[in-house]
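Worksheet: one structure, shown below.
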Amino acid sequence: MQTQRHAAAPLIEPPAAPAAGECRRLRIVARIESPDLWDSTAARLLECARRRWQGRPDIADHPALRRWSQIQDSQQRPEQPCLRTLFAAFASGSLVGGDPCADLVAAVMLLSSCPAEAVQQPDPLGDQHTVRFSVYAYREDDLPLAEDMIITAVKTCGTLLAHRCTIMRPPARSTAPLVDHPTPDRLVLGNLGSTAAR
């Protein structure tokens, strides 16, 4: 006689997937320890992004660009960096490189179609500095690609200090800015106090 064994429930349940109307905000904090390597890594990623879109006449028809333009046009105070502005700069040939933070953010936006931004905080005691990245994505966006690009770039020339994802739910009135609600789908990896969550 055979008995059936029930599979044990996992100790940690995976986080619930965000609803269709919820925007995720990925935040990564990194310390850059090799500025020269950081510069070259960001420049290479931006060049890859340029090659992807080079000579394409259909940039204005890119679905993610159209969707994000509608989202940001409908908000009274858009909280995310503007994808449309970056694609317009690329299409007109006015997107210039040279700043590694701006180059990496531009590469992330062009390759993943997720609005992104980076804030650099120089270290007054040396060549190292801290960079805080924010990436925004709805269900249709390729947030895993954006996340992998940033983490891989950071690990080549520095240290990952914090890594967190939150859900931004729109309030009852659609014209008000999005409200940020933390969810436990990412853990903060460092002891940065309040700076990791900003």
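The values are calculated or read from the model by the stated rules, or taken from the named source; none is laboratory data. Given the structure is predicted, the values throughout are model-derived calculations rather than measurements. So basically every Cβ, Gly included, is an ideal-geometry build from the backbone, and we count neighbours across all protein chains shown. Protein only, heavy atoms only, side chains kept; ligands, DNA and RNA dropped before computing areas. Shrake-Rupley method; radii C 1.70, N 1.55, O 1.52, S 1.80 Å.
Sequentially through region 50-59, phi angles give Karplus couplings (6.51, -1.76, 1.60; θ = phi - 60°) of 4, 4, 4, 9, 4, x, 8, x, 9, 4 Hz, Gly and Pro residues having no value and appearing as x. Database remark: amide H of C23 closer than 5 angstrom to the amide H of M168 (H placed geometrically; neighbours at sequence offset of 5 or more, or on other chains; Pro and chain starts carry no H). Would you mind telling me the share, in percent, of accessible area of region 22-157 contributed by carbon and sulfur at probe 1.4 angstrom? Summing carbon and sulfur atoms, their accessible area is 50 percent of the total for region 22-157. In this simple spin-label approximation, Q70 and D148 carry label points 7 Å from Cα along the Cα→Cβ vector, and these lie 2.8 nm apart.
Using the alpha-carbon positions of region 35-108, Rg (one decimal) and Dmax (whole number) come out as 13.5, 41 Å.
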